[in-house]
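*Asks:* Provided herewith is a single structure, encoded as structure tokens, for subsequent inquiry.
Only the coordinates and a few stated rules stand behind these numbers; no lab work does. All figures in this text were calculated on a predicted structure; none of them were measured in a lab.
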């Protein structure tokens with residue numbers, strides 16, 4: 001949702017997106033990335049041998 005609204009705001013002049021935050025999007029993306037990397041690191045062997 002945040003990505004779509006921020007994209008619309010960037011492309012369309014005059015479009016106002018209220019309630020979205022680039023900081024929230026960046027933090028959510030980074031947290032999700034690091035959780036995925038941590039899970040991969042802990043289960044790498046099981047994932048590659050199955």
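*Asks:* Under a 10 Å cutoff between Cα atoms, tell me which one of 20, 11, 31 has the largest fluctuation in the Gaussian network model of the chain.
*Replies:* Looking only at 20, 11, 31, the biggest GNM fluctuation is shown by 11.
*Asks:* Please work out which option in (i) 1.14; (ii) 1.29; (iii) 1.02 gives Rg/Rh (Cα atoms, Kirkwood Rh) calculated from these coordinates, and answer with its label.
*Replies:* It is the one labelled (ii).
*Asks:* When the chain is treated as a GNM, springs tying every alpha-carbon pair under 10 Å, which of 39, 22, 30 comes out with the largest mean-square fluctuation?
*Replies:* With Cα springs under 10 Å in the chain, the top fluctuation among 39, 22, 30 is at 39.
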